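Note sheet for the following structure.
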Amino acid sequence: MRSKLQRFADLKTRDNTLEPGKALFDKIIGNWRSLQFKNNNPITLELACGKGEYTIGLAQKFPGQNYIGVDIKGERIWVGSSKAIELNLQNVAFLRTHILEIESLLAPNEVDEIWLTFPDPRPKLRDEKRRLTHPRYLEMYKRILAPKGWFRFKTDNTGLFDYTLETLAQRNDILNLTYTTNLYKSELLNEHHGIKTKFEQKFYEAGESIKYLKFKFDAKK
Ligand SMILES: C[S@@+](CC[C@H](N)C(=O)[O-])C[C@H]1O[C@@H](n2cnc3c(N)ncnc32)[C@H](O)[C@@H]1O
């Protein structure tokens with residue numbers, strides 16, 4: 001295994017990873033298709049992608065789509081980036097950033113689908129603003145997601161899932177909300193394409209039920 005410093009050095013030289021300090025990082029907003037993927041295919045964004053299992057799995061399954069995995073931790077992104085290189089996947093990119101910065105990196109309507117996979121639950125009330133389904137994050141997702149694009153969310157955490165449903169219920173711009181508190185026993189199971197993230201595998205094996213929801217934003221509101 002390469003050392004942490006070697007991994008950070010690797011990321012600096014990799015075309016499939018964007019991070020602060022790289023030339024493309026400052027020009028990518030609005031230009032993901034032309035400058036990064038060099039095609040006009042739809043883009044799926046995975047937020048809090050960790051080591052990128054989901055992004056990689058989807059990209060293998062759907063070569064006609066582009067995938068961007070976002071995480072703040074370079075060491076985790078390195079794992080996904082290495083896997084994409086090993087598999088010669090041209091439709092995958094990783095973006096190292098805090099999700100609060102996402103609107104400086106993705107233009108309005110630039111993505112066609114968003115997955116949020118097993119974000120940190122942040123159960124303390126004082127951390128509510130840091131939950132990745134807090135209204136301030138939802139507003140950002142709404143702007144970067146193309147009209148009619150699905151927002152999809154998987155978690156094992158009941159508190160975060162309930163908080164998210166309550167947050168969505170307080171809005172007037174949520175369409176087609178569908179959810180299950182037990183994905184693996186649900187008819188929605190096919191919607192995650194049989195791919196487990198690292199955390200999902202861990203919680204699934206521990207007997208936790210996996211929760212899943214999807215919705216669209218009403219762009220007119
Ligand atoms: C519990 S892990 C889940 C990783 C992966 N989705 C999985 O299911 O295996 C949560 C991930 O979210 C990332 N993360 C948390 N808050 C973030 C933020 N505000 N911006 C970017 N990444 C964040 C962490 O670095 C971590 O990799």
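Note on the range 3-22: residues that are of a type in the set (A, V, I, L, M), part of a helix (DSSP H, G or I) and within 16 Å of the ligand (Cβ to nearest atom) amount to 1.
Residues in the range 23-34 that are surrounded by 12 or more Cβ atoms within 10 Å (Cβ to Cβ) and in a helix (DSSP H, G or I): 24, 25, 26, 32, 33.
Pairs linking a residue in the range 72-95 that is within 17 Å of residue 61 (Cα to Cα) to a residue that is surrounded by fewer than 19 Cβ atoms within 10 Å (Cβ to Cβ) and small (Gly, Ala, Ser), with Cβ atoms under 9 Å and 6 or more positions apart or on different chains, are 91/64. Among the residues of the range 56-73, those that are within 20 Å of residue 191 (Cβ to Cβ) and either among the β-branched types (Val, Ile, Thr) or within 13 Å of the ligand (Cβ to nearest atom) (or both) comprise 56, 57, 58, 68, 69.
Every condition in (1) away from the ligand (no atom under 15 Å from the Cβ); (2) of a type in the set (A, V, I, L, M); (3) not in a loop (DSSP other than H, G, I, E, B) holds for residue 114 except the one numbered (1).
In this structure, is residue 100 within 12 Å of the ligand (Cβ to nearest atom) and modelled with pLDDT of 95 or more? It is true that residue 100 is within 12 Å of the ligand (Cβ to nearest atom) and modelled with pLDDT of 95 or more.
Considered as a group, the residues in the range 35-55 that are in a loop (DSSP other than H, G, I, E, B) and among the charged types (D, E, K, R) include one that is farthest from the ligand (Cβ to nearest atom), and that residue is 38.
The values are calculated or read from the model by the stated rules, or taken from the named source; none is laboratory data. Everything numeric in this text was worked out from a predicted model, so none of it was measured. A quick note on method: Cβ atoms are made from the backbone with ideal geometry, for glycine too, and the neighbour counts reach across all protein chains shown.
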